[in-house]
Amino acid sequence: MMKRILASVLAMLLALSSFAGLQAEAATKKNVKSSVNSLVVRQKATTSSKKLGLLYKNQTLPYKAKTGNWYKVSYKGKTAYLSARYSKVVKSSSSKKQSSSGWKTLTNVSATAYTPYDPGSGNLTAIGWNIKSSKKKVVAVDPRVIPLRSTVKVYYKGKLKGTYTAADTGGAIKGKKLDILYYSRSEAFSWGRRNVTVKFK
């Protein structure tokens, strides 16, 4: 009888230990961070492979594995590769840390508009959100100015226009520019191009 009790207790302790290990692994994930101003995201682990996009300095992508001199990462929901020479693996906690500096402000920002239906828009944003299946409030930014995944407040003529997530990028979005996502072509056309004030963190 005593042996059965001890065996049951031991089995329970082993189960709890395994569960705690899984929780710890889930809480701390690995990312790959760019060490240079702009790092090419490749389709395959070779410099001759198709270019999928750019990862700017200190930005990260989810780590999958290391293959030779390349890191396998997740990019827009697909497998991609980053040169290990110009990037490094870092740990990231599942809980977000809020910046102690608070909101940062940019004035005289040129704000344009786009829709998911524009030629070349695609289904996925730079951080992998499907903007055609869910109507998220998104702005496209230059990640060197406003980091991706930042919360962005846009003010026009002193009034708050809306609060968005910096979830996308664009070839023409360089410097103090942003592109506001609309789900109506008429609203996007009506907005046109305006100078706004932006707060982000």
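The values are calculated or read from the model by the stated rules, or taken from the named source; none is laboratory data. Given the structure is predicted, the values throughout are model-derived calculations rather than measurements. Glycine gets a Cβ as well: all are built from the backbone with ideal geometry, and neighbour counts include every protein chain shown.
Which of the residues belonging to segment 145-201 are under 17 Å from the mean Cα position of the chain (by Cα), in a loop (DSSP other than H, G, I, E, B), within 19 Å of residue 116 (Cα to Cα) and hydrophobic (A, V, I, L, M, F, W, C)?
148, 173
When both residues are 6+ apart or on different chains and their Cβ atoms are under 6 Å apart, which pairs have a first residue that lies in segment 110-134 and is on the phi < 0 side of the Ramachandran plot and outside the structural domain of residue 167 (by TED's automatic domain parsing), and a second that is part of a loop (DSSP other than H, G, I, E, B) and at pLDDT below 90?
Nothing qualifies.
So, residue 73, is that one at pLDDT 90 or above, assigned by TED's automatic domain parsing to the domain that holds residue 180 and either part of a loop (DSSP other than H, G, I, E, B) or surrounded by 14 or more Cβ atoms within 10 Å (Cβ to Cβ) (or both) or not?
No; evaluated as a whole, the condition is false for this residue.
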